[in-house]
Amino acid sequence: MNKTFLLGIGEAKCGTTWLHEYCKKAPNYVSSNVKEWNFWTEYFSHGTAATSYSSETNKIRHSMLNTPDFYEEYFTKILSDPKHTITSDISPSYSCLNTQNHQHLKQRLDRYFNLKVVYLLRDPVLTAWSSYKHDIRIKKGNHFTAPDIKEFLQGYDNQLFTPCNYANVIRHIKSVYKEQLLVMPYERLFAPNSNNGLLELSNFLGIEPIEEEKNIKHNVGQPGDLPDWAKREAWNLLMKDPKVAGSYSLIRRDYPDVYEQWMKGIVKKL
């Protein structure tokens, strides 16, 4: 069994599109016609997840949901060419699955593939900021001004400050996947003076590293950095939720270099 299946369960706005595009540059990688299949989310919710795809893709997904092992056999067929050794399903919605869900899908996928799981996470404040900018780009198309930052801090109608419960997700997936799992902070992939994250990811997946790709961003929002004063205020809002506080504690313990980056612009005012 030498065919690798990458299950991407990174959070939204944490680099999942970049991961998909990065893999597509590898000569031994073959992509299906969809980055996010969201199959397992719908499978475990009995087809109630909200998704929108082309009619052809919907036909495939219908078969996946209604025909035993169709999901695995679909990707097996994609990997039929000997030169292709890795494919993927990278769906942020998989971060909502519980331990029992992951145990079930692991059991199924292990029968067919060399399963690799990548979980991407990112500074919760900058994740919310990135989501806000992405929404502005789509809905408003304007550049940022002070009122936009004020709107962001007011919670953008209370829709963006959804807690990033990294600690809970990692607890679920670590207990199931063990050595099949790579938890990769966004900040390590795009560190300006280091390729360590990129090399670790590439070695884990069995693809050649492409260093120049770390400078390419995908699915970006409007330009604009979050000033330190706004980051501090956003951090104070987010930390009211114990799930977020727990996520910061986990990162501080397991990834101190990443925690230090997350706290830039905040720690001096604590």
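Exposure proxy for GLU187, GLU73, GLU211: other Cβ atoms within 10 Å of each Cβ, ordered fewest to most, give GLU211, GLU73, GLU187.
Distance between the modelled labels on ASP228 and SER80, one decimal in nanometres: 5.9 nm (7 Å Cα→Cβ projection). The chymotrypsin sites (Phe, Trp or Tyr not before Pro) of region 1-90 that DSSP puts in a loop, and whose beta carbon has at most 16 other beta carbons within 10 Å, are TYR53.
For region 1-94, the spread of Cα positions along the three principal axes, ordered from largest to smallest, is 36, 31, 24 Å. Only one residue of LEU237, SER247, LEU226 has its Cα farthest out toward the positive end of the dipole of region 225-270, where Lys and Arg carry +1 and Asp and Glu -1 on Cβ, and that residue is LEU237. Multiplying the residue separation of ASP254 and GLU72 by 0.36 nm and removing their Cα-Cα distance gives an extension gain of 62.2 nm. In this structure the amide hydrogen of ASN114, modeled in the peptide plane, comes within under 5 Å of the amide hydrogens of LYS3, THR4, PHE5, none closer than 5 places in sequence on its chain. Couplings 3J(HN,Hα) of region 20-33, computed from phi: 5, 5, 5, 4, 5, 7, 7, x, 8, 9, 10, 9, 6, 7 Hz, in residue order, whole Hz [Karplus 6.51 cos²θ - 1.76 cosθ + 1.60, θ = phi - 60°; x for Gly and Pro]. If the limit is 20 Å between Cα atoms, which of LYS35/LYS77; LYS13/LYS77; LYS3/LYS106 go over it? In this structure, LYS13/LYS77 exceed 20 Å between Cα atoms.
Taking the Cα centre of region 1-129 as origin and assigning +1 to Lys and Arg Cβ atoms and -1 to Asp and Glu Cβ atoms, the resulting dipole is close to 240 debye.
Where a number appears in this text, it was derived from the coordinates with a stated rule and is not lab data. Everything numeric here is computed off the predicted structure, so don't read it as measured data. Quick reminder, even Gly has a Cβ in these numbers, built from the backbone with ideal geometry, and neighbours come from all protein chains shown.
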